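Okay, structure first, notes after.
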Amino acid sequence: MVDITQKQSTHRTAVAQAIVKVSNISTIEAIKNGTVPKGDVLSMSKAAGFLGVKKTSDLLPDCHPLPVEYCGIEYEMDGLDVKILITVKTFYKTGVEVEAMHGASVVALTMYDMLKPIDKGVEIHQIKLLKKTGGKSDIDVT
């Protein structure tokens, strides 16, 4: 891992997204109505995303363990797309971009797993960093 012992702790924020695209509007309706056979897709996926964020350093070898001080997950539905937006915050020596993107990936994969019995055309798209603040550089691609 990179040596961060000389770095100063600063307030760090990252916002990432993933998009889950379904193949039928009935899948979106099942998500909204809570009628997916495997359960409440949005709640289960959110819980999985929180775990994904917190376990990032356990799975990615060069990622530093860090204190996650906030994680928020929101959904936006538009047509056949479910946009996942995840915000992660900390006060630490290194950023939380990878944690945010990992969390978005885990949310998307959980949705995929829960939806595959009712929709064989589910796809995951556009896992990416939207915004980062703190540290040496800020990024905002929103």
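Residue 45 meets all of the listed conditions (1) of a type outside the set (Lys, Arg); (2) free of Cβ contacts under 8 Å to residues at least 24 places away in the same chain; (3) out of contact with any Lys or Arg (no Cβ under 8 Å at 6 or more places or on another chain) but one, namely (2). Among the residues here, residue 122 qualifies as in contact (Cβ under 8 Å) with a residue 24 or more places away in the chain and not polar (S, T, N, Q). Residues that are without any contact (Cβ under 8 Å) to a residue 60 or more places away in the chain and either part of a helix (DSSP H, G or I) or surrounded by 15 or more Cβ atoms within 10 Å (Cβ to Cβ) (or both) within the stretch 48-60 comprise 50, 51, 52, 53, 54, 55, 56, 57, 58, 59, listed in sequence order. Annotation for the stretch 106-118: no member residue is over 30 Å from residue 3 (Cα atoms) and touching a Leu at 6+ places or on another chain (Cβ under 6 Å). When the stretch 3-32 is filtered for residues that are in a loop (DSSP other than H, G, I, E, B) and either among the hydroxyl-bearing types (Ser, Thr, Tyr) or open to solvent by 80 Å² or more (accessible area, probe 1.4 Å) (or both), the ones remaining, listed by number, are 3, 5, 6, 7, 8, 9, 23.
The values are calculated or read from the model by the stated rules, or taken from the named source; none is laboratory data. Since this is a predicted model, take the numbers as computed values, not measurements. Positions of Cβ are generated from backbone atoms using ideal geometry, with glycine treated the same way; all protein chains shown enter the neighbour counts. Quick note on the areas: whole protein, heavy atoms, side chains included, nothing else; ligands and nucleic acids left out. Shrake-Rupley method; radii C 1.70, N 1.55, O 1.52, S 1.80 Å.
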